[in-house]
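K.L.:
Quick one: structure below, then a few questions.
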Amino acid sequence: MELTDKYEPSGFESHWYERWMNNGLFASTPDNRPPYTIVIPPPNVTGMLHMGHMLNNTIQDVMIRRARMQGFNACWVPGTDHASIATEAKVVAMLKEKGINKSDISREEFLEHAWEWKEKYGGIILKQLKKLGCSCDWDRTRFTMEDDLYASVIDVFVDLYNKGLIYKGARMVNWDPAGKTALSDEEVIYREVDSNLYYVQYQLVGSNDYIQIATTRPETILGDTAICVNPDDERYAHLKGAKAIVPIVNREVPIIFDSYVDIEYGTGALKVTPAHDINDYNLGVKHHVAAIDVFNEDGTMSDAAGHYIGMDRFAVRKKIAEDLKELGNLIKIEPIKNKVGFSERTNAMIEPRISQQWFMDMTKFMERNPEVLSDVMTDKIGIHPAKLKNTYRHWIENLKDWCISRQLIWGHRIPAYYLPNGQHVVARNEAEALEKAQAIDANLQLGDLTQDPDVLDTWFSSWLWPISVFNGILDPDNDDISYYYPTSLLVTGPDIIFFWVARMIMAGAEYQKEIPFSDVYFTGIVRDKQGRKMSKQLGNSPDPIDLMEKFGTDGVRMGLLMAAPAGNDLLFDESLCEQGRNFANKIWNAYRLISGWEAGDNDEAFYTGDVDHIHQWFETRLNEAISQIDDHYSKFRVSDAMLTTYKLIWGDFCSWYLEWLKPAYGSPLPQKDLAIVKANFDTLMRLLHPFMPFVSEHLWQQLNGENGEYINNQSWPTASDRTSSDLEIELAQDLISKVRAVRNGHGISPKIKADVTINTQKSSTYGALERIVDKLANVNSIQYGTDGQGQKELLGVDEVFIAFEGMQAEKKDSAQLEGELKRLEGFLFGINKKLENEKFLANAAEDVVERERQKQADTQLKIEAIKRELAQ
């Protein structure tokens, strides 16, 4: 492709992605190289690309591209998750549009519609990831409900059941009335809401006296089966053995005593509704109090409620308050704020409910696999940022049994089969189930068995992901699992550290006796510039595809990484993408400049006497940057690695190195110098490639000629011990910057030469830099002395006088000088403290201590210079 005058990413990004795909650049098979493996956090098959996906997958792509260049056999496995609750909701909505109710069709018919929907819409997000430039091995794309992965989930359920780690029982669960399914604790999001505290009085049996309770949920009064008070509460000591009458239903219930009740909260008397509160449930079990379930599965009132049957729970809350007031039982309503649980998927308010569900016994599991905690706490698995280790430990040390059943159709159906007598068997398939059933009753036939209608929690398949994508459950010794597992890195969000990360570590311990990944990189949450979490409801989440069309994919990737330190939330603003595009444009123009230079003889003194120092200076900066970048990568500071690359290219290379090397208009650049510049540009494109794959590929191809090679197959740059310049090039940069600042401040043309006088003790140092300074600052010559003309500036400890013909020098007022003096004195105070610290002097390297002493001496000289100026 020809190099266009303008940077237009739409003209080449799709071209290069197609070339990469056609040439199999992302494919991986086991070989003799060390592997570097990432498994993608599988997005929901219902999903569309959002900003969280963009950040997460950009980081994965950065890491996998760099590993490929480092010589690893890099394998990034893509795929999607079947997402039981979210997908079923989409299919139900689709059927409703066609006039079909879920309840009116069979399970098989519903699944046909679900698979049809998945095939039509399920691959959209994977296509969008390709636009992002993701270098996945697309031939390895997996789906959590494809045959092998489905069979893996069923196999694990049967295995854990046989080990006594899975059981079925009636327990209080989190019920989602919108999804009509149970949820695990981790799928419940607690939010503070405006609420009301209703004070209600219950008449005592055989008395005109009342006992008063306070509740936020008056609709559950219909299910009350006791009132509980603290045995130490003297107000209620006389009520031992007494009973109260539940209003509306007129049910007599006992008054029980338990220290669980907080004397100070509300009235000190607690209504006990065992069917609809976990703490009430525990009290009911302890005191043998009955449970009455007053809700249907959709959150309407059940027949057992006896009143308001079929009405929605929130409508009943309003109506029962009115009725209680009319009866004289409602004393007052007090507005409060309290925390309420909501379904992570449907956003419905959670209803605690007693239900028969399948559970995994986490206490027994952890007794078998204690390394699930120790592998993280001893850094066998690296957590980045490390502060999340304590979050992980707290959850592991407070594990509850995992509710793994869901009342849905779309998903992995629980492999339990019920006999006519109510017993059940657990088996991998119908034939195995019949064999087990006939061991109980030889006369049974397959038609006598009924499979459990529920499916497994989506996370019960996802926890196997690093193993099942390589078929490690069904074929535990195959070549792929033996080579690629454990994987190298997981990139994910901290919000699923419990849902997914911890459980994958558990699955690895149980089924591979090994960690699933060496490191976990937690991204932050993408927020808008006001700090709000991005959401469709707020309308503050931009369409990533629109952003990539507007700014180019490289620009968007760069913009995301500019503000994405591990574990910290990202405050996203489109201006970051604009900055990313501007950076790509800068690189584009830099290459156009280089490609326009002609090679030839140039006898200017700068090219014969000074240019080698400039090459040496840049190569020193390049080597320093490579070392810094590698260090950042090793510590998973991807954002810092990108920023170091950005500063190296924009600052050192474009703003200084190329400007120094640029020949006068119409003049050539010596052949050797042009070759060095191009070699350095090649290195920069390889450093840039993981972050901005498209523009780096395009310009690298322009530089090297399209010869069938690709930049991602080139070697990663390594720092070398090349000889640095013996000139103080940084001093020249500082002097040039001072001259430019004075020139720009006075609006003086770049064509007018500057007169520079320096009060210094190192005139020979400046003298060696004179042509280097003149190349970019346009100076007559550098003079030395104390009586210079023009504007005075400080350069380190030296006084610099900069003058232009006809310029009136600005005088700094005393307030400016005193401000600078105060800053330097504060700086010196810090240095002195450090050099007075015996621990620092004993432990720091000699060169570090020497640098601090040099800073101390330089700062003292600067302070003296400012004091002299103030005195004048």
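K.L.:
Normalised by the number of residues in the chain, what is the relative contact order in percent for Cα pairs under 8 Å and 6+ residues apart?
P.N.:
12
K.L.:
I've got another one for you. Let's test the formula: R0 of 41 Å, r as the Cβ-Cβ distance of Glu709 and Val848. What FRET efficiency results, to the nearest 0.05?
P.N.:
On the way: r = 43 Å, r/R0 = 1.05.
Calculated value: 0.45.
K.L.:
Provide the FRET efficiency to the nearest 0.05 for the Asp5-Asn540 pair, computing r from the beta carbons and using R0 = 41 Å.
P.N.:
Efficiency, rounded to the nearest 0.05: 0.65.
K.L.:
On a full-extension model of 0.36 nm per residue, what is the gain between Ile525 and Asn250, subtracting their alpha-carbon distance, rounded to one decimal in nm?
P.N.:
Residue separation times 0.36 nm, minus the Cα-Cα distance, leaves 93.9 nm.
K.L.:
I'm a student and want to see the number: the projected area of the Cα convex hull of the range 705-777, averaged over all directions, in nm².
P.N.:
Mean projected area of the Cα convex hull: 9.2 nm².
K.L.:
Separate question: Compute the angle between helix 693-704 and the longest alpha-carbon principal axis of the chain, please, reported from 0 to 90 degrees and rounded to the nearest 10.
P.N.:
So the helix axis and the longest Cα principal axis differ by about 30 degrees.
K.L.:
Ranked from highest to lowest mean number of other Cβ atoms within 10 Å per residue, what is the order of the peptides 856-862, 39-45, 449-455?
P.N.:
The packing order, highest mean first, is 39-45, 449-455, 856-862.
K.L.:
Follow-up question, since we're still on this one. What are the ³J(HN,Hα) couplings of the range 215-225, residue after residue, when phi is run through the Karplus curve with 6.51, -1.76, 1.60 and θ = phi - 60°? Round to Hz, x for glycine and proline.
P.N.:
Residue by residue, the range 215-225 yields 9, 8, 10, x, 5, 7, 4, 4, x, 5, 10 Hz.
K.L.:
How much length would be gained if the chain were fully extended between Ile333 and Ser667, taking 0.36 nm per residue of separation minus their Cα-Cα distance, in nm to one decimal? Kindly include the intermediate steps, with their values, before the conclusion.
P.N.:
On the way: separation 334, 0.36 × 334 = 120.24 nm, distance 8.77 nm.
Stretched fully, the Ile333-Ser667 segment lengthens by 111.5 nm.
K.L.:
Per residue of the range 200-206, in order, report the coupling 6.51 cos²θ - 1.76 cosθ + 1.60 (Karplus, θ = phi - 60°) as ³J(HN,Hα) in whole Hz, putting x for Gly and Pro.
P.N.:
For the range 200-206, the Karplus curve yields 10, 9, 10, 6, 7, 5, x Hz.
K.L.:
Enumerate the lysines that Lys635 could reach by cross-link, defined here as Cα to Cα under 25 Å, with residues fewer than 8 away along the same chain left out.
P.N.:
Qualifying lysines at Cα under 25 Å: Lys380, Lys387, Lys389, Lys647.
K.L.:
With a ≥ b ≥ c taken as the square roots of the eigenvalues of the C-alpha gyration tensor of the range 406-549, please select rounded if a/c is under 1.5 and otherwise prolate if a/b is larger than b/c or oblate if it is not?
P.N.:
Note, shape of the range 406-549 comes out oblate.
K.L.:
Within the chain, what's the longest run with no chymotrypsin sites (Phe, Trp or Tyr not before Pro) in a DSSP loop and at most 15 other beta-carbon atoms within 10 Å? Give the range, please.
P.N.:
Value returned for the longest uninterrupted segment is 266-664.
K.L.:
Can you tell me how the range 570-676 classifies by the Cα gyration tensor, rounded, prolate or oblate, using a/c under 1.5 as the rounded cut?
P.N.:
oblate
K.L.:
Taking amide hydrogens as modeled 1.01 Å from N in the peptide plane, which residues meet the under 5 Å criterion relative to Trp402, leaving out close sequence neighbours?
P.N.:
Amide H to amide H, under 5 Å and 5 or more residues apart or across chains, Trp402 pairs with Met360, Met362.
K.L.:
Let me ask another. When the accessible area of the range 691-768 is computed with all protein chains present and a 1.4 Å probe, what percentage of it is carbon and sulfur?
P.N.:
42
K.L.:
A follow-up question, please. Report the label-to-label distance for Leu841 and Phe314 in nanometres (one decimal), using points 7 Å from each Cα along the Cα→Cβ vector.
P.N.:
Placing both labels 7 Å along Cα→Cβ, they lie 7.0 nm apart.
K.L.:
Which of the GluC sites (Glu not before Pro) found in the range 210-285 are in a DSSP loop and have at most 16 neighbouring Cβ atoms, other than their own, within 10 Å?
P.N.:
For GluC sites (Glu not before Pro) across the range 210-285 that sit outside H, G, I, E and B with at most 16 neighbouring Cβ atoms in 10 Å, the list reads Glu264.
K.L.:
Next question, about the same structure. Under a plain spin-label model, where a point goes 7 Å from the Cα along Cα-to-Cβ, how far apart in nm are Thr718 and Lys550?
P.N.:
Output for this residue pair reads 4.4 nm.
K.L.:
Here is a follow-up. Straight-line reach from Lys822: which lysines fall under 23 Å, measuring Cα to Cα and dropping same-chain residues less than 8 apart?
P.N.:
List returned: Lys738, Lys792, Lys811, Lys812, Lys833, Lys834, Lys855, Lys862, Lys867.
K.L.:
Just report the Cα centroid separation between the range 628-651 and the range 427-456, whole Å.
P.N.:
Result: 59 Å between the Cα centres.
K.L.:
Residues with amide H under 5 Å of Arg527's amide H, sequence separation 5 or more or different chain, H placed in the peptide plane at 1.01 Å from N; which?
P.N.:
Leu570, Leu571, Phe572
K.L.:
In nm, give the distance between the simple-model label positions of Asp631 and Asp159, each being 7 Å from the Cα along the Cα-to-Cβ direction.
P.N.:
With each label point 7 Å from Cα toward Cβ, the separation is 4.4 nm.
K.L.:
Taking 0.36 nm per residue of separation and subtracting the Cα-Cα distance, what length does fully extending Glu818 through Glu604 add?
P.N.:
So the extension gain works out to 72.5 nm.
K.L.:
In addition: Which of the GluC sites (Glu not before Pro) found in the range 651-723 are in a DSSP loop and have at most 14 neighbouring Cβ atoms, other than their own, within 10 Å?
P.N.:
Working: sites: Glu659, Glu697, Glu706, Glu709; in loops: Glu706, Glu709.
In loop regions of the range 651-723 (DSSP not H, G, I, E or B), the sparsely surrounded GluC sites (Glu not before Pro) are Glu706, Glu709.
K.L.:
Also, quick follow-up: Are there GluC sites (Glu not before Pro) in the range 749-849 that DSSP puts in a loop and that have at most 14 other Cβ atoms within 10 Å, and which ones? Numbers along the way, then the final one.
P.N.:
Working: sites: Glu770, Glu793, Glu799, Glu805, Glu810, Glu818, Glu820, Glu825, Glu836, Glu838, Glu846; in loops: Glu805, Glu810.
Within the range 749-849, the qualifying GluC sites (Glu not before Pro) (loop, at most 14 other Cβ atoms within 10 Å) are Glu805, Glu810.
K.L.:
For the range 347-357, just list the computed ³J(HN,Hα) in residue order, Karplus coefficients 6.51, -1.76 and 1.60, θ = phi - 60°, integers in Hz, with x standing in for Gly and Pro.
P.N.:
6, 6, 5, 5, 10, x, 8, 7, 8, 6, 9
K.L.:
Rolling a 1.4 Å sphere over the protein heavy atoms, what is the accessible area per residue of the chain, to the nearest Å²?
P.N.:
Numbers: 39290 Å² over 872 residues.
Per-residue value: 45 Å².
K.L.:
Something else now. For a test of the definition: using alpha carbon positions, the gyration tensor, and the 1.5 limit on a/c, classify the range 313-459 as rounded, prolate or oblate. If you can, show how the numbers build up before the last one.
P.N.:
Working: a/c = 2.99, a/b = 1.20, b/c = 2.49.
Oblate, because a/c is 1.5 or more while a/b does not exceed b/c.
The values are calculated or read from the model by the stated rules, or taken from the named source; none is laboratory data. Everything quoted here is computed from the prediction, not taken from an experiment. Cβ: placed from backbone, ideal geometry, glycine included. Neighbour counts: every protein chain shown. Quick note on the areas: whole protein, heavy atoms, side chains included, nothing else; ligands and nucleic acids left out. Shrake-Rupley method; radii C 1.70, N 1.55, O 1.52, S 1.80 Å.
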